[in-house]
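Here the structure is laid out as structure tokens; the discussion comes afterwards.
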Amino acid sequence: MNAQSPVAPRTESFTVSAFFITEQAINHAIMACLHRGIPRDLIDVAVSSKASSKFYGGAAGPNRDGWFSWTGRGALAGLLISSAMALVILLFAGYEASKPMAIIQLLGPDLGILIGAALGALYGWLKPGDTRPQMQRALNRGDAALVLVHLQPAPEADEVKKVLEQHGGEQVLVEKDHLKVVGAE
């Protein structure tokens with residue numbers, strides 16, 4: 001008898017986006033989404049180069065939001081490399097290592113994490129972020145900013161659409177996310 005492993009049902013997720021003409025309307029819409037329980041990291045604001053001078057004091061720049069995830073990757077790599085080095089030192093020196101050697105072995109992984117995290121954060125900050133296709137929509141308007149709320153299930157996407165419309169959102173669009181599902185056939 002061939003037993004199949006249970007597969008979690010796939011739920012579709014949607015990105016809701018809307019254009020806003022004023023910075024105040026953007027802030028009110030974001031706060032309303034936060035009060036609904038939507039995490040801030042699922043909310044983006046995108047502006048075209050024409051509209052960047054009108055919003056947030058012209059501080060709009062390239063998408064560089066990957067620094068945080070690269071910090072974690074760097075910390076993990078630093079931990080693995082420094083732990084392996086400490087293990088090699090222990091194997092060569094044996095259990096009768098000198099006091100400085102023991103300190104190096106103890107601090108090695110800690111320093112590896114810190115150095116790896118710093119290098120990962122620097123790399124992520126310098127590397128331009130991947131711009132999601134939905135953000136390209138911001139290029140269509142030179143007078144407005146685009147607010148995007150990502151990864152919402154269908155019922156919640158409808159509610160988010162209403163929230164954005166209530167706060168002055170124009171051309172509200174609900175798009176299905178096209179995410180790769182790991183292990184899906």
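The values are calculated or read from the model by the stated rules, or taken from the named source; none is laboratory data. Model, not experiment: these values are computed from the prediction. Every residue, glycine among them, receives a Cβ derived from its backbone with ideal geometry; neighbour counts consider all protein chains shown.
For the stretch 78-112: of the residues being surrounded by 15 or more Cβ atoms within 10 Å (Cβ to Cβ) and among the hydroxyl-bearing types (S, T, Y), which is modelled with the lowest pLDDT?
Taking the candidates together, the pick is S83.
Among the listed residues A29, A46, which satisfies the condition of being assigned to a strand (DSSP E or B) and either modelled with pLDDT of 90 or more or within 30 Å of A145 (Cα to Cα) (or both)?
After ruling out the rest, the residue left standing is A46.
Could you pull out the residue among L173, L151 that is modelled with pLDDT under 90 and touching a Ser or Thr at 6+ places or on another chain (Cβ under 8 Å)?
L151
Within the set of pairs 6+ apart or on separate chains, which have a first residue in the stretch 113-136 that is buried (at least 18 other Cβ atoms within 10 Å of the Cβ), a second that is at pLDDT below 90 and among the aliphatic types (A, V, I, L, M), and C-beta atoms under 9 Å apart?
Matching pairs, first to second residue: Q134/A46; M135/A46.
How many residues are buried (at least 17 other Cβ atoms within 10 Å of the Cβ), outside any helix (DSSP H, G or I) and not small (G, A, S) if we restrict to the stretch 143-164?
Within the stretch 143-164, residues that are buried (at least 17 other Cβ atoms within 10 Å of the Cβ), outside any helix (DSSP H, G or I) and not small (G, A, S) number 6.
Checking the structure you have, find out if any residue of the stretch 126-134 is modelled with pLDDT under 90, farther than 23 Å from P39 by Cβ and out of contact with any helix residue (DSSP H, G or I) (no Cβ under 8 Å at 6 or more places or on another chain).
yes
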